[in-house]
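The next block holds one structure in the form of structure tokens; read it before the comments.
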Amino acid sequence: MLYAENITVTLRRKTILRDVGLVARPGQVTAIIGPSGAGKSTLLSVMTGDQPCTGRMTLNGRDVFETAPRVLARMRAVLPQASALAFPYTVAEVVRMGMVDPHAQGDLLHQALDRVGLAGYEARYFQELSGGEQQRAHLARVLLQVWQPVRETGPCWLFLDEPVASLDIGHQLQVMQIARDFSDQGGAVVMVMHDLNLTAMSADSVLILAQGRALVQDSPAKAFTRDMLSRAYGCNLAVNRVPDSGVFILPQTAGLTPGQHDTAQDAGLRLHPQTGSAMR
Amino acid sequence: MALAAEPAPDFGGSRATGDRSPAARLLMIGAALLLAVTCLANLAMGPAGTSLSGALADIIQGRELSLRDRVVLWDIRLPRMILACLVGAGLAVSGAILQGLFRNPLADPGIVGVSAGASLGAVTAIVLGATLPFGAWLGRWLVPAMAFLGAWMATLLLYRIATRAGRTSVATMLLAGIALTALAMAMTGFLVYLADDAQLRDVTFWNMGSLAGATWDKIAIAAPLILLPMVVAPFLAHGLNGLALGEAAAGHIGIPVQRLKRSAILMVAMSTGAAVAVSGGIGFVGIVVPHLVRLASGPDHRYLLPNAAILGAALLLSADLVSRTIIAPAELPIGILTAVIGGPFFLFILLRQRGIVDL
């Protein structure tokens with residue numbers, strides 16, 4: 001279990017997160033959504049032990065700030081947002097850096113690359129890959145780190161910071177399936193998402209953040225209400241329902257909430273695209 | 001240059017797997033052979049005309065070596081060969097560690113102020129000499145001792161400046177290094193202004209670097225300071241690889257990043273300080289050698305560090321051989337030679353590589 005309680009982060013006298021709480025369970029995909037600047041990535045870095053904060057944060061019953069990096073590394077893996085790699089490493093060398101368990105059996109490198117659709121990319125230079133391919137290569141590294149979703153010591157955790165941000169729709173679905181499979185096998189997934197529909201499709205639980213505060217944590221079907229989403233994103237979003245399979249948000253049906261008219265032209269442009277993911 | 005003679009790396013069947021460790025192991029064998037050859041060449045050749053094979057034949061047949069041969073081989077060529085190995089390996093490994101730490105292939109002890117600190121220490125010793133406390137007591141050890149002290153003080157100061165709340169900022173360190181270098185050079189300049197003609201000559205030659213003063217005492221002092229980092233380096237390799245992902249990601253795969261940074265800095269200060277103290281300003285080894293190794297067999301530090309050590313030693317031995325034979329019986333300062341060969345060669349590599357892969 002992951003418990004975060006009363007998490008407050010203040011940077012340069014600006015409060016990024018205020019009294020945020022989150023519960024995430026093994027066997028589930030937990031998503032964190034909210035507009036840009038809401039504090040999603042900051043909350044994720046609190047959970048991975050990178051961001052000092054006040055409040056309480058435990059992972060599998062351990063205080064992450066008191067746990068050695070080596071121990072944490074065998075318990076959870078973190079996929080960062082796109083980051084530059086120093087030196088010309090090959091894809092195989094990068095992915096193998098995720099092999100924190102020296103006793104791992106079998107040809108896991110190839111299985112991991114295969115899993116993210118990069119079979120045969122072993123000898124390519126990482127820097128030669130496109131942004132989306134680099135993102136998936138990092139995902140392979142991260143998967144290799146927690147290849148067994150459940151270890152004798154407890155469930156493993158995947159923390160993903162916008163895992164589908166630079167991917168095409170086919171690979172977006174593939175990555176969501178990987179997260180789904182990981183949680184179905186007993187692991188836990190916590191991810192920061194921008195795409196509301198992909199979140200509605202694959203998350204078991206969703207935390208909506210806005211301006212550093214948690215608005216709600218619940219299943220997408222319950223958390224994604226017209227009122228809640230409109231409050232979080234500052235525009236009037238209509239939530240639609242598909243029989244038997246949850247909710248979706250069609251940007252074409254969105255309107256602006258009062259008070260946003262001064263930026264109407266700007267916002268109007270942003271609401272036109274065909275997919276919900278463009279609604280940042 | 002040492003590696004120019006090496007064949008292009010043959011990835012063989014490993015190309016498809018992206019595993020370059022076979023190439024790296026091949027390079028290690030090649031470099032070790034090269035090192036052995038250069039060691040022998042440095043023992044065998046020199047302006048004195050003593051022949052190594054003749055001396056060996058004498059030893060094997062139980063004859064007494066002539067005093068002259070014994071002095072040339074045992075007191076001049078052998079300590080000089082060992083010192084060249086130590087300094088070459090020390091500088092190359094320091095360069096490789098710093099580059100991994102700064103995630104930048106252009107990092108070098110010369111950039112982060114270590115060399116400038118050493119230079120300030122040495123020039124202080126040359127110019128102020130016996131007026132310093134302990135100056136008369138240290139005698140001829142004063143210059144190397146002050147150079148080592150200068151390197152250490154520069155490094156520790158830099159580390160203090162760049163560390164806040166237990167975290168060391170690598171970017172701050174790089175920038176502060178440039179500022180410290182400028183400051184140290186200004187103070188050196190002031191001392192040079194005070195110096196008399198004989199001291200000016202000493203300062204100039206110290207800055208050009210030389211292995212001519214190699215003695216067994218110098219080796220006894222420098223060897224532990226250079227060899228300890230060599231022994232520790234393999235333990236840093238995994239961490240330096242992870243650091244290529246960025247500091248946060250390195251932490252996520254279980255690397256104790258702060259401890260890694262602290263050990264790496266200490267090792268570099270120790271090794272560079274000792275190398276510069278006994279040989280003066282020998283440039284380019286720390287930047288060219290690791291770069292060559294990366295080109296040949298990739299940036300994996302588990303192979304990069306030992307290969308850089310071996311090739312650095314071989315490279316400096318070759319340079320020293322040239323420096324003491326090219327204008328024999330006079331001697332060309334080795335720092336000039338490494339810069340003359342290293343500079344254009346490095347530019348050539350940069351230009352060729354530009355645009356293919358982001359260094």
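The values are calculated or read from the model by the stated rules, or taken from the named source; none is laboratory data. Keep in mind the model is a prediction, meaning the values are calculated, not measured. With ideal geometry, Cβ positions are generated from the backbone for all residues, glycine too; neighbour counts draw on all protein chains shown. The accessibility values were calculated without ligands, DNA or RNA, using every heavy atom of the protein model including side chains. Shrake-Rupley method; radii C 1.70, N 1.55, O 1.52, S 1.80 Å.
FRET efficiency for the B:Leu56 to B:Phe348 pair, using the beta carbon distance and R₀ = 60 Å, is estimated at 0.90.
Pull out a ≥ b ≥ c, the square roots of the eigenvalues of the alpha-carbon gyration tensor of the range B:123-212, then state rounded if a/c is under 1.5, prolate if not and a/b is larger than b/c, and oblate in the remaining case. Because a/c hits 1.5 or more and a/b exceeds b/c, the range B:123-212 counts as prolate. Between A and B, buried accessible area from a 1.4 angstrom probe totals roughly 2400 Å², ignoring ligands, DNA and RNA.
Diagonalise the Cα gyration tensor of the protein assembly as shown and give the resulting equivalent ellipsoid semi-axes, square root of 5 times each eigenvalue, largest first, whole Å.
Value: 58, 27, 20 Å, ordered largest first.
Considering only B:Ala212, B:Gly281, B:Thr17, and ranking their Cα positions along the charge dipole of chain B that arises from unit charges at the beta-carbon of Lys, Arg, Asp and Glu, the one farthest toward the positive end is B:Thr17.
Think of each Lys and Arg Cβ as +1 and each Asp and Glu Cβ as -1; about the Cα centre, that makes the dipole of chain A roughly 700 debye. Could you check how many percent of all C-alpha pairs in the range A:116-224 are farther apart than 19 Å? Value for the range A:116-224: 50 percent of Cα pairs lie more than 19 Å apart. Charge dipole of chain B (Cα centre as origin; +1 on each Lys and Arg Cβ, -1 on each Asp and Glu Cβ, all else neutral): 760 debye, rounded to the nearest 20.
Distances over 17 Å make up what percent of all Cα-Cα pairs in the range B:180-247?
Value for the range B:180-247: 69 percent of Cα pairs lie more than 17 Å apart.
Here the contact order of chain B, divided by its residue count and restricted to Cα pairs under 8 Å and six or more residues apart, works out to 30 percent.
Can you give the FRET efficiency to the nearest 0.05 for B:Ala171 and B:Trp137, using r as the Cβ-Cβ distance and R₀ = 35 Å? Don't skip to the end; give the middle numbers.
Numbers: r = 42 Å, r/R0 = 1.19.
Between B:Ala171 and B:Trp137 the formula returns 0.25.
In the protein assembly as shown, a dipole from Cβ-located charges (positive for Lys and Arg, negative for Asp and Glu) runs towards its positive end, and of B:Leu142, B:Ala198, A:Ala140 it is B:Leu142 whose Cα lies farthest in that direction.
Kirkwood-type hydrodynamic radius, chain A: 19.6 Å, calculated from all non-identical alpha-carbon pairs.
Based on the Kirkwood radius over alpha-carbon pairs, what is the Stokes-Einstein translational diffusion coefficient of the range A:60-171 at 4 °C with 1.567 mPa s viscosity, in µm²/s? Mind dumping the intermediate values first?
Working: Rh = 14.7 Å.
The Stokes-Einstein estimate is 88 µm²/s.
On the principal axes of its alpha carbon atoms, chain B extends 63, 56, 35 Å, with the longest extent given first. Every helix of 4 or more DSSP H residues in chain A counts as -39500 (n - 2.57), and over all residues that averages to -8500 deg cm²/dmol at 222 nm.
Taking a ≥ b ≥ c as the square roots of the eigenvalues of the alpha carbon gyration tensor, the range B:241-359 is oblate, as a/c is not under 1.5 and a/b does not beat b/c. Which one of B:Ala92, B:Ala244, A:Leu22 is farthest out on the positive end of the charge dipole of the protein assembly as shown, using unit charges on Cβ (Lys, Arg +1; Asp, Glu -1) and the Cα centre as origin? So the residue furthest toward the plus end is A:Leu22.
If exposed means no more than 13 neighbouring beta carbons inside 10 Å and the site is in a DSSP loop, what's the longest run of chain B without any exposed trypsin sites (Lys or Arg not before Pro)?
Working: sites that count: B:Arg63, B:Arg354.
Excluding the exposed sites themselves, the longest stretch runs over B:64-353.
Straight-line cross-link reach from B:Lys218 at under 15 Å between alpha-carbon atoms covers these aspartates and glutamates, not counting any fewer than eight positions away in the same chain: B:Asp75.
With charges only on Cβ, +1 for K and R and -1 for D and E, what is the dipole size of the protein assembly as shown about its Cα centre, in debye, rounded to 20? All intermediate terms of the calculation are to be shown ahead of the outcome.
On the way: 48 positive and 42 negative charges, 179 e Å.
I would put it at about 860 debye.
Note on chain B: with a GNM built from Cα contacts shorter than 10 Å, the maximum mean-square fluctuation among B:Gly242, B:Gly280, B:Gly110 falls on B:Gly242. Run through every distinct alpha carbon pair of the range A:1-130 and return the Kirkwood hydrodynamic radius in angstroms, one decimal place. The Cα-based Kirkwood calculation yields 17.2 Å. Let's test the formula: R0 of 35 Å, r as the Cβ-Cβ distance of B:Leu200 and B:Ser66. What FRET efficiency results, to the nearest 0.05? My answer for the efficiency is 0.30.
Under 22 Å of direct C-alpha separation, and excluding same-chain neighbours fewer than eight residues apart, A:Lys14 reaches these lysines: A:Lys40.
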